[in-house]
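Each remark here refers to the structure printed beneath this line.
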Amino acid sequence: AAKDGGRGRHHFYAPDLHTDAQERRQLEQDLRDALAAGGLELFYQPVVHTASEKIAGFEALLRWNHPTRGWLSPAKFVPIAEDAGIIAQIGEWALRTACLDLARWPDSVRVAVNVSPLQFANPALPAIVTSALASAGVAAERLELEITESVFLNDDEGTDAMFAALKRLGVRLALDDFGTGYSSLGYLKKAPFDKIKIDQSFVRGACEKGSCNGAIIAAIVRLAEALGMETTAEGVETLDELDLVRSLGCSHVQGYIYDKPLDAGQAHARLADGVGVIARGPRSSRSNRR
Ligand code: C2E
Ligand code: MG
Ligand code: MG
Ligand code: MG
């Protein structure tokens, strides 16, 4: 046991950088293989309209079932894909797949797809989006592209032109993870967003005594409303958090309180099953809501 402990400590305190680089190269190769062999999947997390508790749409979230490591989170492999120069292909696959799944769902339902800053910097993006919509036969306004503030880091005419081109297509634009990056209120004025996604770090702990997160959420909601934008509170896990973001006026809610990301079949069933109504009170059973 002492020996095991020693090994563990060695690994923890003195990470072998060579091995890390090797592991990364291996993962990169595995990811190329997965992309080629159809080993990536999109999961869908319901985005619920706060007032009606109906499913307004889904956010498409990448998943990779690695042959030996099991399910990997995009937080682990998206950065690798970006470094390896294959995020464009993965992103195009995600756009096309999400549009095909969307085509099977009612017209009132939307899908949101995350777009890497590297995709956003590619002048071919509007043509790719157009093609994905046309192949699936879905209306542009049913597709929402989630973009993070980091696209403004190399802010130039290219950024403005890309926003204008995407807007001309009729797709919706959402500003993801708002407030966590290099936020500038100027971005909101500059870019034609339809929605602000309030990062889960503001929702988490917002109900605790002394937290100022509620005040921040309230301010974002008021700002968004003044600019004619919707707001989604991300990462809502508890009834208290749901009650809070509802009372603060967030138009949409996304989080484990309703559903974890579902596979396409489960998402389809979730729509049929009606809505995200959560039973409240002592008689409520949320066990069937995962
Ligand atoms: P994001 O776009 O901010 O996605 C929201 C993340 O919050 C998702 O993590 C989701 O599973 C998680 N989440 C949702 N509700 C809850 C909750 O109630 N509690 C907690 N603790 N977490 C919740 P996920 O799926 O691991 O994705 C992580 C990030 O990876 C995403 O953050 C997004 O930035 C990126 N990503 C995912 N799919 C894609 C993709 O297709 N393309 C690109 N470029 N990035 C992607
Ligand atoms: Mg997102
Ligand atoms: Mg987010
Ligand atoms: Mg995030």
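The values are calculated or read from the model by the stated rules, or taken from the named source; none is laboratory data. The structure presented is a predicted model; accordingly, all values stated were derived computationally and were not measured. Neighbour counts are summed over all protein chains in view; Cβ atoms, including those assigned to glycine, are modelled from backbone coordinates with ideal geometry. Surface accessibility is based on the protein's heavy atoms, side chains included, excluding ligands, DNA and RNA. Shrake-Rupley method; radii C 1.70, N 1.55, O 1.52, S 1.80 Å.
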Checklist outcome for this item: Ile128 vs (1) more than 16 Å from ligand 4 (Cβ to nearest atom); (2) loosely packed, with under 15 Cβ neighbours inside 10 Å; (3) among the hydrophobic types (A, V, I, L, M, F, W, C): all pass except (2)
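Considering only region 144-171, how many residues are part of a helix (DSSP H, G or I) and touching a residue at least 60 places away in the same chain (Cβ under 8 Å)? Full working, then the answer.
Here is the first cut: in region 144-171, the ones part of a helix (DSSP H, G or I) are 149-152, 157-169.
Still in the running and touching a residue at least 60 places away in the same chain (Cβ under 8 Å): none.
Qualifying residue count, region 144-171: 0.
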Next on the checklist: Tell me whether region 106-121 contains one or more residues that are assigned to a loop (DSSP other than H, G, I, E, B), of a type in the set (A, V, I, L, M, F, W, C) and within 17 Å of Ala267 (Cβ to Cβ).
Outcome noted: yes
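Going through Glu92, Glu82 one at a time, which residue ends up being open to solvent by 30 Å² or more (accessible area, probe 1.4 Å), touching a helix residue (DSSP H, G or I) at 6+ places or on another chain (Cβ under 6 Å), more than 10 Å from ligand 1 (Cβ to nearest atom) and without any contact (Cβ under 8 Å) to a residue 60 or more places away in the chain? Don't jump to the end; show me each part of the working.
Values: Glu82 fails: more than 10 Å from ligand 1 (Cβ to nearest atom).
Of the residues listed, the single one that is open to solvent by 30 Å² or more (accessible area, probe 1.4 Å), touching a helix residue (DSSP H, G or I) at 6+ places or on another chain (Cβ under 6 Å), more than 10 Å from ligand 1 (Cβ to nearest atom) and without any contact (Cβ under 8 Å) to a residue 60 or more places away in the chain is Glu92.
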Item to check | Phe202 vs. criteria among the aromatic types (Phe, Trp, Tyr) and touching an Asp or Glu at 6+ places or on another chain (Cβ under 7 Å) | outcome: no
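Kindly evaluate Ser251 against the criterion of being of a type outside the set (A, V, I, L, M, F, W, C), at pLDDT 90 or above and surrounded by 11 or more Cβ atoms within 10 Å (Cβ to Cβ). Give the steps one after another, and end with the answer.
Numbers: of a type outside the set (A, V, I, L, M, F, W, C): yes; at pLDDT 90 or above: yes; surrounded by 11 or more Cβ atoms within 10 Å (Cβ to Cβ): yes.
For Ser251, the condition - of a type outside the set (A, V, I, L, M, F, W, C), at pLDDT 90 or above and surrounded by 11 or more Cβ atoms within 10 Å (Cβ to Cβ) - is met.
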Checklist entry - Would region 141-160 turn up any residue that is charged (D, E, K, R), within 19 Å of the chain's Cα centre (by Cα) and surrounded by fewer than 16 Cβ atoms within 10 Å (Cβ to Cβ)? => result yes
Checklist entry - Given the structure, is Val111 among the aliphatic types (A, V, I, L, M), in contact with a Cys (Cβ under 8 Å, 6 or more places away or on another chain) and crowded, with 22+ Cβ neighbours inside 10 Å? => result yes
Next on the checklist: Tell me which helices (runs of 4 or more DSSP H) are completely within region 197-248 and hold 1 or more residues being touching a Lys or Arg at 6+ places or on another chain (Cβ under 9 Å) and surrounded by 17 or more Cβ atoms within 10 Å (Cβ to Cβ), or say none if there are none.
Outcome noted: 213-226, 239-247
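Quick check on Gly186: is it farther than 23 Å from Asp240 by Cβ, free of Cβ contacts under 8 Å to residues at least 12 places away in the same chain and of a type in the set (Gly, Ala, Ser)? Step through it out loud before you land on a result.
Numbers: farther than 23 Å from Asp240 by Cβ: yes; free of Cβ contacts under 8 Å to residues at least 12 places away in the same chain: yes; of a type in the set (Gly, Ala, Ser): yes.
In short, yes.
If you scan region 206-249, which residues turn out to be at positive phi and within 12 Å of ligand 1 (Cβ to nearest atom)?
Kept after step one, since they are at positive phi, are these residues of region 206-249: 210, 228, 235, 249.
Gly235 - this is the single residue of region 206-249 that is at positive phi and within 12 Å of ligand 1 (Cβ to nearest atom).
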Item to check | Residue ID - nearest to ligand 1 (Cβ to nearest atom), chosen from residues in region 56-74 that are polar (S, T, N, Q) and touching a strand residue (DSSP E or B) at 6+ places or on another chain (Cβ under 9 Å) | outcome: Ser73
Checklist entry - What residue, among those in region 174-187 that are buried (at least 20 other Cβ atoms within 10 Å of the Cβ) and hydrophobic (A, V, I, L, M, F, W, C), is nearest to ligand 2 (Cβ to nearest atom)? => result Ala174
Checklist outcome for this item: Given (1) among the aliphatic types (A, V, I, L, M); (2) within 16 Å of ligand 4 (Cβ to nearest atom); (3) surrounded by fewer than 17 Cβ atoms within 10 Å (Cβ to Cβ); (4) within 24 Å of Ala124 (Cβ to Cβ), Ala75 misses just (4)
Item to check | Boolean, Leu61 is open to solvent by 30 Å² or more (accessible area, probe 1.4 Å), over 23 Å from Lys190 (Cα atoms) and under 16 Å from the mean Cα position of the chain (by Cα) | outcome: yes
Checklist entry - Which of the residues spanning region 261-283 are at pLDDT below 55, open to solvent by 70 Å² or more (accessible area, probe 1.4 Å) and either in contact with an Asp or Glu (Cβ under 8 Å, 6 or more places away or on another chain) or of a type in the set (Asp, Glu) (or both)? => result Val277
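In region 172-195, how many are hydrophobic (A, V, I, L, M, F, W, C) and assigned to a strand (DSSP E or B)? Step through it out loud before you land on a result.
Pass one, region 172-195, residues hydrophobic (A, V, I, L, M, F, W, C): 173-175, 178, 185, 188, 191, 193.
If we keep only those that are assigned to a strand (DSSP E or B) as well, we get 173-175, 178.
The qualifying residues number 4.
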